[in-house]
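Engineer: I'd like to ask some things about the structure below.
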Amino acid sequence: MGRRRLAREIALQALYVADVSRTPAEEAFAAVTRREGEEVDEETASFSRELTLGTLARVDELDGIIQRNAQNWAVNRMAAVDRNVIRLAAYELLARPDTPVGVIIDEAIEIVRKYSTEEATRFVNGVLDALKSLRDAKKKKP
């Protein structure tokens with residue numbers, strides 16, 4: 001597994017912990033990264049931390065964007081894993097213009113495939129397909 005994928009998976013796990021247990025961002029990230037027997041290099045840890053803390057800092061904004069683009073789905077009714085993968089990808093679309101849109105969506109789909117259901121991959125792909133216009137909208141702003 002590549003370092004970026006690992007960083008995204010760690011971020012997803014921290015987002016999940018923060019979401020379902022209402023744990024503060026720093027605590028959730030620390031809980032996920034202090035697991036025994038797993039060493040993560042500094043670059044991977046740094047990217048994962050940025051994704052986690054950045055997503056959680058903007059969660060209300062991201063949820064609003066997701067809600068407007070997830071037809072007939074309330075964010076709070078989505079499965080926790082799916083909701084957090086979508087949040088993470090939405091954050092990357094907005095905050096990481098250096099990462100291609102296709103990479104963000106492909107990574108999100110692979111992570112959902114690993115942590116959720118096959119049906120969820122289609123759902124997440126549909127929502128992210130609607131969200132990919134975020135990158136274009138951000139470029140057009142003066």
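The values are calculated or read from the model by the stated rules, or taken from the named source; none is laboratory data. None of the values given here were measured: they were computed from a predicted structure. Here the Cβ is made from the backbone with ideal geometry for all residues, glycine too, and neighbour counts use every protein chain on show.
Engineer: Any residue in the range 97-104 that is outside any loop (DSSP other than H, G, I, E, B), farther than 19 Å from Ser133 by Cα and at pLDDT 95 or above? Talk me through it step by step, then tell me what you get.
Structural biologist: As a first pass, look at the range 97-104 and keep what is outside any loop (DSSP other than H, G, I, E, B): 101-104.
Next cut, farther than 19 Å from Ser133 by Cα only: none.
No, because not a single residue in the range 97-104 is outside any loop (DSSP other than H, G, I, E, B), farther than 19 Å from Ser133 by Cα and at pLDDT 95 or above.
Engineer: Another question, if that's okay. Would you pick out the residues in the range 47-66 that are in a helix (DSSP H, G or I), of a type outside the set (Asp, Glu) and more than 15 Å from Glu9 (Cβ to Cβ)? Step through it out loud before you land on a result.
Structural biologist: Quick first cut of the range 47-66, residues in a helix (DSSP H, G or I) only: 47-57, 59-66.
Restricting the remaining residues to those that are of a type outside the set (Asp, Glu) gives 47-49, 51-57, 59, 62, 64-66.
Hits for the range 47-66 are Leu53, Gly54, Leu56, Ala57, Val59, Leu62, Gly64, Ile65, Ile66.
Engineer: Against the definition (touching a residue at least 40 places away in the same chain (Cβ under 8 Å), crowded, with 18+ Cβ neighbours inside 10 Å, farther than 24 Å from Arg22 by Cα and not aromatic (Phe, Trp, Tyr)), how does Glu107 come out, yes or no? Steps first, please.
Structural biologist: Numbers: touching a residue at least 40 places away in the same chain (Cβ under 8 Å): yes; crowded, with 18+ Cβ neighbours inside 10 Å: yes; farther than 24 Å from Arg22 by Cα: yes; not aromatic (Phe, Trp, Tyr): yes.
Criteria met by Glu107.
Engineer: Over 14 Å from the mean Cα position of the chain (by Cα), outside any helix (DSSP H, G or I) and of a type in the set (Asp, Glu): which single residue out of Glu43, Glu39 fits that description?
Structural biologist: Numbers: Glu43 fails: outside any helix (DSSP H, G or I).
Just a single option satisfies the conditions, and that option is Glu39.
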